[in-house]
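Trainee: Below are the structure tokens for one structure; questions will follow.
The values are calculated or read from the model by the stated rules, or taken from the named source; none is laboratory data. Fair warning: this is a prediction, and the values are worked out from it, not measured in the lab. Cβ: placed from backbone, ideal geometry, glycine included. Neighbour counts: every protein chain shown. Please note that ligands, DNA and RNA were not included when accessible areas were found on the heavy atoms of the full protein model with its side chains. Shrake-Rupley method; radii C 1.70, N 1.55, O 1.52, S 1.80 Å.
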Amino acid sequence: MPKSLGRAIKSMREQRNLQAKTLARAAHLSQATLTRLEKGEREGINLVTACRLAQALGVSLDELAAKAGLLDIPNVVYADVGGQGAQVAQAVDAAQKRLKAALKDLDRAGASLKKKV
């Protein structure tokens, strides 16, 4: 897991004056798991855990990902070999927009499931 996600979770938790224990309980995690996430010591995070953390923090999944810098795809400037530079930049922009839209769809689906449960 990128350490930036763990730092984002910790930062948002502290901004809300939440103790790790409180956030962990709200997100259905152990406090040890949350601590490892915040320190970047955990190898990965699944989508369910990410959704639970976002919900417990009161943000959308795309807001959490954006705070962690996971939606910031750098627009790398490549040498315009054979006129491909502009096409690469457009493809990167399109992929970023699709990712943001997919994260919003996941948030809506999660909210819908929560209402049914």
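Trainee: Given R₀ = 30 Å, what would the calculated FRET efficiency be for D105 paired with H28, taking r from the Cβ atoms and rounding to 0.05? Write down the numbers at each step before the final one.
Mentor: Details: r = 22 Å, r/R0 = 0.74.
After rounding to 0.05, the efficiency reads 0.85.
Trainee: Could you state how much accessible area K21 has, in square angstrom rounded to the nearest 10, with a 1.4 Å probe and all protein chains kept in place?
Mentor: Approximately 110 Å² for this residue.
Trainee: Does anything in region 1-30 have its amide N under 15 Å from the 7 Å Cα→Cβ label point of V48, and if so which residues?
Mentor: From region 1-30, the list is 27-30.
Trainee: On to the next question. Tell me the net charge near D62. Cut-off is 10 Å between Cβ atoms, D62 excluded, with +1 for each Lys or Arg and -1 for each Asp or Glu. Please list the in-between numbers first.
Mentor: Details: positive: K67, K100, K104; negative: E63, D105, D107.
Value of the local net charge: 0.
Trainee: Okay, next question. Just to make sure I understand: if all protein chains stay in place, what is the order of S30, S4 by accessible area at 1.4 Å, largest first?
Mentor: Numbers: S30 60, S4 35 Å².
Ranking S30, S4 by accessible area, largest first, yields S30, S4.
Trainee: May I ask which of K10/K97; K67/K100; K39/K67; K39/K104 have a Cα-Cα span longer than 24 Å here?
Mentor: Details: K10/K97 26 Å; K67/K100 13 Å; K39/K67 16 Å; K39/K104 26 Å.
Long pairs (Cα-Cα over 24 Å): K10/K97; K39/K104.
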